[in-house]
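The values are calculated or read from the model by the stated rules, or taken from the named source; none is laboratory data. Predicted model only: the values in this text are computed from it and were never measured. Here the Cβ positions follow ideal geometry from the backbone for every residue, glycine too, while neighbour counts run over all protein chains shown.
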Amino acid sequence: MPRKQPLPPPPPHIPSNPDHRPTANLLAGRRRHAPQLTLSERDITALAPAVATWLDRDVHPATIQHALTSDLPAPLRHPAGFVRNRLTALLPPPLPLPLPDTAAPRPAVIPLQDCDLCDRVFRAPEPGHCRDCREAETYGAV
């Protein structure tokens, strides 16, 4: 009697919404970091929109992984319910919109100059003499 060939594994399930493929991959990969978070395909499909919400709020995938895998209860009886609760309860708020730049314009910085007479450094819009040399010229000391 010929030996039966084993059946090939079923093809991986691809979510119908292409936007949820990265989120489904993120959820399916959690079991690499925490085996107790192994989820069924149905659970992954149901939870993918919640992960997409996190990603839409500019949360890095590593942050999502930390939120899902840190401080796991022992024993974990319902991984899908646990993940759903974490995704809902720990959802960060959306980032605020950037405010328009309403700050007062900065005053122009007056450049440094070297005094033509004594080489002292002073701030002035134009080259010339420092205050001490100007006063000395005014009172005839130079």
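A compact table of results
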quantity	calculated
Of the criteria (1) more than 14 Å from Thr88 (Cβ to Cβ); (2) under 20 Å from the mean Cα position of the chain (by Cα), which one Trp54 fails	(1)
Residues (under 19 Å from Ile44 (Cβ atoms) and among the charged types (D, E, K, R)) located in the range 62-105	Arg77, Arg84, Arg86
Subset of the range 83-142 [surrounded by 10 or more Cβ atoms within 10 Å (Cβ to Cβ) and within 30 Å of Trp54 (Cα to Cα)]	Val83, Arg84, Asn85, Arg86, Leu87, Thr88, Leu90, Leu91, Pro92, Pro94
Positions within the range 29-38 being among the aliphatic types (A, V, I, L, M) and crowded, with 17+ Cβ neighbours inside 10 Å, in sequence order	Leu37
From the options Arg106, Arg123, residue that is out of contact with any strand residue (DSSP E or B) (no Cβ under 9 Å at 6 or more places or on another chain) and farther than 30 Å from Asp58 by Cα	Arg106
Hits in the range 39-64 (condition: outside any helix (DSSP H, G or I) and either surrounded by 13 or more Cβ atoms within 10 Å (Cβ to Cβ) or without any contact (Cβ under 8 Å) to a residue 24 or more places away in the chain (or both))	Leu39, Val59, His60
Condition met for Ala24 (surrounded by fewer than 15 Cβ atoms within 10 Å (Cβ to Cβ) and at pLDDT below 90)	no
